[in-house]
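K.L.:
The structure is given below, and queries will be raised subsequently.
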Amino acid sequence: MALRNIVKIGDDVLRKVCRTQLTFDDKLKQTLDDMAETMYKADGVGLAAPQIGILRRFCIVDVGDGLLELINPVIIEKSGSQKGNEGCLSIPNRYEEVVRPMTVTVKAQDRDGNNITVTAEGLKARAICHETDHLNGILFTDRI
Ligand code: NI
């Protein structure tokens, strides 16, 4: 595994709409492993591919209950709402209140290309919304 450089705000790469990840090969697995190492080292609870300069639709989340890898995630259900502080590894030292759904259900693929469906609430739902936003070039500061 290797640490990757986290792209910071101001870099255009954070504003692009990412493309579908079509291959589930060793390169993807290596990238996901690197992303996890990078996220944990930075004390983050999520990281999206564009944040390490890769314009593909995948991200990871870990709010303390284990690593979740989401390839081509699509949020298919949202309910309720929560207001809370949010930050981003690409926007150092900035924390703002953002309203997000309380519960989300996301459909995605795992690292082997298997279809998965995950329902999450609270902080995990927030993190999933934040990371899937990254795949569409949206930053949390756009949602204040
Ligand atoms: Ni972020």
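K.L.:
Kindly evaluate VAL17 against the criterion of being touching a residue at least 12 places away in the same chain (Cβ under 8 Å) and exposed (fewer than 14 other Cβ atoms within 10 Å of the Cβ). Step through it out loud before you land on a result.
P.N.:
Numbers: touching a residue at least 12 places away in the same chain (Cβ under 8 Å): yes; exposed (fewer than 14 other Cβ atoms within 10 Å of the Cβ): yes.
Yes; evaluated as a whole, the condition is true for this residue.
K.L.:
Another question about this same structure. Of everything in the range 37-59 that's assigned to a helix (DSSP H, G or I) and open to solvent by 10 Å² or more (accessible area, probe 1.4 Å), which residue is farthest from LEU135 (Cα to Cα)? Quick ask: steps written out before the conclusion?
P.N.:
Here is the first cut: in the range 37-59, the ones assigned to a helix (DSSP H, G or I) are 37-41, 49-52.
Retained after the next criterion (residues that are open to solvent by 10 Å² or more (accessible area, probe 1.4 Å)): 37, 40-41, 52.
Values: GLU37: 20, TYR40: 20, LYS41: 22, ILE52: 12 Å.
It comes out as LYS41.
K.L.:
Taking the criterion of being open to solvent by 20 Å² or more (accessible area, probe 1.4 Å) and more than 14 Å from the ligand (Cβ to nearest atom), would at least one residue in the range 124-143 satisfy it? Give the steps one after another, and end with the answer.
P.N.:
Initial filter on the range 124-143 (open to solvent by 20 Å² or more (accessible area, probe 1.4 Å)): 124, 136, 138, 141-143.
If we keep only those that are more than 14 Å from the ligand (Cβ to nearest atom) too, we end up with 124.
Checking the range 124-143: at least one residue is open to solvent by 20 Å² or more (accessible area, probe 1.4 Å) and more than 14 Å from the ligand (Cβ to nearest atom).
K.L.:
Just checking, does the range 23-33 include any residue being open to solvent by 50 Å² or more (accessible area, probe 1.4 Å) and touching a strand residue (DSSP E or B) at 6+ places or on another chain (Cβ under 6 Å)?
P.N.:
Checked the range 23-33: no residue is open to solvent by 50 Å² or more (accessible area, probe 1.4 Å) and touching a strand residue (DSSP E or B) at 6+ places or on another chain (Cβ under 6 Å).
K.L.:
Consider only pairs whose beta carbons are under 9 Å apart and that are at least six residues apart or on different chains; among these, list those whose first residue lies in the range 89-103 and is of a type in the set (Asp, Glu) and whose second residue is more than 12 Å from the ligand (Cβ to nearest atom).
P.N.:
GLU96/ASN85; GLU96/ILE144; GLU97/LYS83; GLU97/GLY84; GLU97/ASN85; GLU97/ILE144
K.L.:
Among (1) of a type in the set (A, V, I, L, M, F, W, C); (2) away from the ligand (no atom under 14 Å from the Cβ); (3) in contact with a Gly (Cβ under 6 Å, 6 or more places away or on another chain), there is one condition VAL104 misses while meeting the rest; what is its number?
P.N.:
VAL104 satisfies every listed condition except (3).
K.L.:
I've got another one for you. Quickly run through the range 93-113 and pick out the residues that are assigned to a strand (DSSP E or B) and open to solvent by 70 Å² or more (accessible area, probe 1.4 Å). Let's see the steps before the verdict.
P.N.:
Step one: filter the range 93-113 for residues assigned to a strand (DSSP E or B), giving 93-100, 103-109.
ASN93, ARG94, TYR95, GLU97, VAL99, LYS107, listed by residue number.
The values are calculated or read from the model by the stated rules, or taken from the named source; none is laboratory data. Bear in mind that the values here come from a model prediction, so they are computed numbers and not experimental data. So basically every Cβ, Gly included, is an ideal-geometry build from the backbone, and we count neighbours across all protein chains shown. What goes into the accessible areas is simple: the full protein's heavy atoms, side chains included, and nothing from ligands, DNA or RNA. Shrake-Rupley method; radii C 1.70, N 1.55, O 1.52, S 1.80 Å.
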